[in-house]
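Contents: one structure, followed by commentary.
The values are calculated or read from the model by the stated rules, or taken from the named source; none is laboratory data. Note that the structure is a prediction, hence the values are computed from the model and not measured. All Cβ positions, glycine included, derive from the backbone under ideal geometry; neighbour counts span all protein chains shown. When the accessible area is computed, the model is the full protein with side chains, heavy atoms only, and any ligands, DNA or RNA have been set aside. Shrake-Rupley method; radii C 1.70, N 1.55, O 1.52, S 1.80 Å.
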Number of protein chains: 2
Amino acid sequence: MNAGTRWLNEVVWDEQGLLPAIAQDADTGEVLMFAWMNREALALTAERGEAVYWSRSRRKLWHKGEESGHIQKVREIRMDCDGDVILLRVEQVGGIACHTGRRSCFFHKLLGEGTWEEVEPVLKDPAQIYSPK
Amino acid sequence: MNAGTRWLNEVVWDEQGLLPAIAQDADTGEVLMFAWMNREALALTAERGEAVYWSRSRRKLWHKGEESGHIQKVREIRMDCDGDVILLRVEQVGGIACHTGRRSCFFHKLLGEGTWEEVEPVLKDPAQIYSPK
């Protein structure tokens, strides 16, 4: 995918140079995770066809899956009406997007009585995902 | 749905007391929009079963659909692994989530040659959506 800068100039960044990014499974529609991107992350995502985010805690580019192998192959990049939110439609390699070893990060469901329940199974022990190779 | 405060205490707010909220069509999986919530917005969303956001530009609670009639009936509230992002699975009344009159706000698609194309049709003229009743 061409990462020429013209399309990047139509994207609206916040005062920290970031914007929210949502990753959605391109086949199932499942919302997998939420992260942030700066301009370079978005440019790299388009160029490589793999999701690259900006880690606010580590203050560096984060090629999703760089440690876990759970990269996200980008099928489609969408932008919202205001140009300040990105939606990636991805193929989630390994079927695990969450660092807890679950398919999706959105595994807490609010039950009627006002409690959060974990409704998605852990598919792989995080200790195994992140153990030194 | 019970809006007791215990579950709200497990939610992690940013330094402005806000967190990102994603609305997804509960039937189709389509990502409809992205907005922000403060604690009161999330409590009201759970209590009423309709999406209430915090408008950062207007600095007030925003009962989605209050002007347009395009309210979002909340089928499910999800929270991510870090407790700092909310996902609403909703029934989109009127089938229009976007203020541009489109089904979803994510109607710009990045094409291979590096241009954004509008790939979702306008279902209703915004002038009609927001005209005085």
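Each Lys and Arg adds +1 at its Cβ and each Asp and Glu adds -1 at its Cβ; summed about the Cα centre, segment B:3-95 shows a dipole of about 320 debye. The string of couplings for segment A:64-73 from the Karplus curve (6.51, -1.76, 1.60, θ = phi - 60°) is 3, x, 4, 9, 7, x, 8, 6, 10, 7 Hz, one whole number per residue in order, with x for Gly and Pro. Could you work out the helix-only [θ] at 222 nm for chain B, with each DSSP H run of four or more residues adding -39,500 (n - 2.57) and the total divided by the number of residues, to the nearest 500 deg cm²/dmol? Taking each H run of at least 4 residues, the total per residue is -2500 deg cm²/dmol. Please tell me which of these pairs span more than 25 angstrom C-alpha to C-alpha: A:73/B:109; B:64/B:124; A:73/A:109; A:124/B:73? Violating the 25 Å Cα-Cα cut-off are A:73/A:109; A:124/B:73.
Hey, could you get me the Stokes-Einstein D for segment B:1-50, Kirkwood radius over alpha-carbon pairs, 4 °C and 1.567 mPa s, rounded to whole µm² s⁻¹?
On the way: Rh = 11.9 Å.
Rounded, D is 109 µm²/s.
Note on residue B:39: accessible area is roughly 90 Å² with a 1.4 Å probe, heavy atoms of protein only.
Shown for residue A:84: label points 7 Å from Cα along the beta-carbon vector, and their distances to the equivalent points in the other copies, 1.9 nm in ascending order. Placing +1 on the Cβ of every Lys and Arg and -1 on the Cβ of every Asp and Glu, with nothing else charged, gives segment B:73-125 a dipole about its Cα centre of roughly 320 debye. Please list, in order along segment B:29-41, the HN-Hα scalar couplings obtained from phi with the Karplus expression 6.51 cos²θ - 1.76 cosθ + 1.60 (θ = phi - 60°), rounded to whole Hz, x for Gly and Pro. With the stated coefficients, segment B:29-41 comes to x, 4, 7, 8, 6, 10, 8, 10, 9, 9, 4, 5, 4 Hz. In percent, rounded to a whole number, the relative contact order of chain A is 21, using alpha-carbon pairs under 8 Å and six or more apart.
For the protein assembly as shown, the alpha-carbon radius of gyration amounts to 0.99 times the rule-of-thumb value 2.2 N^0.38 Å expected for a compact globular protein.
About the Cα centre, and with charges only on the beta carbon of Lys, Arg (+1) and Asp, Glu (-1), how big is the dipole of the protein assembly as shown? Nearest 20 debye, please.
Working: 34 positive and 42 negative charges, 49 e Å.
So the dipole magnitude of the protein assembly as shown works out to roughly 240 debye.
Rank these by accessible area, largest first, 1.4 Å probe: A:53, A:130. Write down the numbers at each step before the final one.
Working: A:53 0, A:130 90 Å².
So, going from the largest accessible area down, we get A:130, A:53.
The H on the amide N of residue A:37, modeled in the peptide plane, is under 5 Å from the matching H of A:19, A:21, A:54, each at least 5 residues off or on a different chain. With all protein chains in place and ligands, DNA and RNA left out, the 1.4 Å accessible area ranks B:115, B:28 as B:28, B:115, largest first.
Measuring from centroid to centroid over Cα atoms, what is the spacing of segment A:68-133 and segment B:58-131 in Å? Each part reduced to its Cα centre gives a spacing of 21 Å. Axis-proximal residue of chain A for the rotation onto chain B, reported as residue and distance in whole Å: A:29, 1, based on Cβ position. Computed over the alpha-carbon atoms, segment A:17-115 gives an Rg to Rh ratio of 0.99, Rh here being the Kirkwood radius from the mean inverse distance. Label-point spacing at residue B:57 relative to the other copies reads 3.3 nm, in ascending order, each point sitting 7 Å out from Cα along Cα→Cβ.
Here is how far apart the residue B:113 label points are across copies: 6.0 nm, shortest first, using a point 7 Å from Cα toward Cβ.
In what sequence, largest accessible area first, do B:99, B:108 appear using a 1.4 Å probe? Intermediate values should be presented prior to the final figure.
Values: B:99 90, B:108 25 Å².
Order by accessible area, largest first: B:99, B:108.
The contact between chain B and chain A removes approximately 3400 Å² from the accessible area (both sides summed; 1.4 Å probe; ligands, DNA and RNA excluded). In segment A:3-95, taking the dipole from charged Cβ atoms about the Cα centre, the farthest positive-side position among A:88, A:44, A:7 is held by A:44.
For residue A:26, the residues 5 or more places off, or on other chains, whose built amide H falls under 5 Å of its own are A:90, A:91, A:92.
Shown for segment B:14-38: residues covered by the partner protein chains by 50 Å² or more of accessible area relative to the chain by itself (probe radius 1.4 Å), namely B:22, B:31, B:34. Across segment A:89-95, coupling constants 3J(HN,Hα) worked out from phi with the 6.51/-1.76/1.60 Karplus curve, θ = phi - 60°, read 9, 10, 9, 8, 5, x, x Hz, and Gly and Pro carry x.
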